[in-house]
Amino acid sequence: MDETVAEYIRRTVLKIPRDEIKTTLQKWGFLSESQLQTVNFRQLKDSISQDVVHLCEENSADIKQAADLDVVYNHVYPNKRMWSVYQMNKTGEETDFFDFKDFKKKFKRRLRSALRNVTINFREYEDNAIWIRIAWGTPYTKPNQYKASYVVYHSQVPYVFISTSVLKSNIPLLCQALLVASNYHDIREMELRGHCLNSLKDIVFKRYSQNFQTYCPRPLPETSITPVIKDLRVVQENGDEKERILRVNREVFGDGPQPKLEFAQYKLETMFKSGPKMDVLHKKEPFRCLVKFSSPHLLESLKSLAPTGVADAPLSPLLTCIPHRARNYFKVKERKSLLPGSFVSP
């Protein structure tokens, strides 16, 4: 077995939590159950990795098997990577019968016709998800196995999830190979990224029960916002207002758990305005700034703002529309056709 293959397998095993190494190797399926029984999985991880490498040497593992182990690891721990969502389109409503073998053949042929030095691995899972691993090289160098791209494609939907560590020049090659293999005609990157692959799927597949619509406030009777005071020295909590906040929050976010996103980014572009006699700004360049909200679980954090009294209800539609519009990157520009101070997010 090549030394580089042995080192790659060893490093991959070291990334796996010790309690999960045996289960992950069983999912890999390259080593037999009798071989795995010879490994003491209670010893130090470095010793475990060395034992696994020795067994792989007995089976004459090559880079294909080593890369396949990396696919298994990333499938078990997909949140270790940053994923971008792409959407594909067809010109008509035609539906094609999906053939996995044909898909692999077309994908490999298209990619290798543009770049010879690539390592391509496929693995199909029970949820109709096809995992593709691509290690990129150059015309003069071998593929870098430590900076591989990952593609997750579901054959029944036009969405692709890509996690890449490659040069931007290789992205068009990857997208073109996907189009040819899947019989689509166009692909575009959506403004939706995150670490939690399952949450990204929930958003674009519409697998959530929440409303996520722009909230239109309903008129409330004046009595509902009038505080009830029983004693002049003590102001009672306004129960009606608290009930209203909870109702509004429920209408916007629903009762179920939110998809997990770690951030939302807003690029603002506007113009400073001054009177004709106040020539404050000599340059007519727009003012630009970047606002980024981040949290281990952003949507749940936003959901808790109004009930805890941190923000008024309802929240801005720019915050509550994130899952509904399937994006967490926004450009907020001034709408020239409206009154000054009005903005639109394209």
Any residue at all in segment 139-151 that's touching a Lys or Arg at 6+ places or on another chain (Cβ under 7 Å), under 27 Å from Asp99 (Cβ atoms) and aliphatic (A, V, I, L, M)? yes
Any residue in segment 77-95 that is farther than 22 Å from Leu173 by Cα and over 33 Å from the mean Cα position of the chain (by Cα)? no
Of all helices (runs of 4 or more DSSP H) completely enclosed by segment 18-136, which ones contain at least 3 residues that are closer than 29 Å to Leu200 by Cα? 21-28, 63-76, 100-114
The condition from (1) closer than 30 Å to Ile187 by Cα; (2) more than 26 Å from the chain's Cα centre (by Cα); (3) without any contact (Cβ under 8 Å) to a residue 24 or more places away in the chain that Gln43 misses is numbered (1)
Residue identified as over 30 Å from Glu300 (Cα atoms), outside the structural domain of Pro296 (by TED's automatic domain parsing) and modelled with pLDDT under 95 among Asn211, Asn183, Asn128: Asn183
For segment 251-271, name all the residues that are more than 16 Å from Pro323 (Cα to Cα) and either touching a Phe, Trp or Tyr at 6+ places or on another chain (Cβ under 6 Å) or modelled with pLDDT of 90 or more (or both). Lys267, Thr270
Test Arg133 against the criterion of being of a type in the set (D, E, K, R), buried (at least 16 other Cβ atoms within 10 Å of the Cβ) and closer than 26 Å to Tyr77 by Cα, and give yes or no. yes
Only one of Ile171, Ile187 is β-branched (Val, Ile, Thr), more than 15 Å from the chain's Cα centre (by Cα), surrounded by fewer than 20 Cβ atoms within 10 Å (Cβ to Cβ) and more than 19 Å from Thr119 (Cα to Cα). Can you tell me which? Ile187
Going by the conditions given, is Lys27 at pLDDT 95 or above and either buried (at least 18 other Cβ atoms within 10 Å of the Cβ) or out of contact with any Ser or Thr (no Cβ under 6 Å at 6 or more places or on another chain) (or both)? yes
In segment 158-196, the residues that are part of a helix (DSSP H, G or I) and of a type outside the set (S, T, N, Q): Lys168, Ile171, Pro172, Leu173, Leu174, Cys175, Ala177, Leu178, Leu179, Val180, Ala181
Looking at (1) touching a helix residue (DSSP H, G or I) at 6+ places or on another chain (Cβ under 6 Å); (2) modelled with pLDDT under 85, which is the only condition His282 fails? (1)
Filter segment 292-312 down to the residues that are of a type in the set (A, V, I, L, M) and buried (at least 19 other Cβ atoms within 10 Å of the Cβ), then identify the one that is farthest from Arg207 (Cα to Cα). Ala306
Only residues in segment 262-277 that are closer than 28 Å to Leu197 by Cα and surrounded by 16 or more Cβ atoms within 10 Å (Cβ to Cβ) count as the first member; pair them with residues that are among the hydroxyl-bearing types (Ser, Thr, Tyr) and at pLDDT below 90, Cβ under 9 angstrom, at least 6 apart or cross-chain, and list the lot. Tyr266/Ser345
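The values are calculated or read from the model by the stated rules, or taken from the named source; none is laboratory data. Quantities reported herein were computed from a predicted structural model and do not represent experimental measurements. Because the Cβ atoms are built from the backbone with ideal geometry, glycine has one as well, and the counts that use them run over all protein chains shown.
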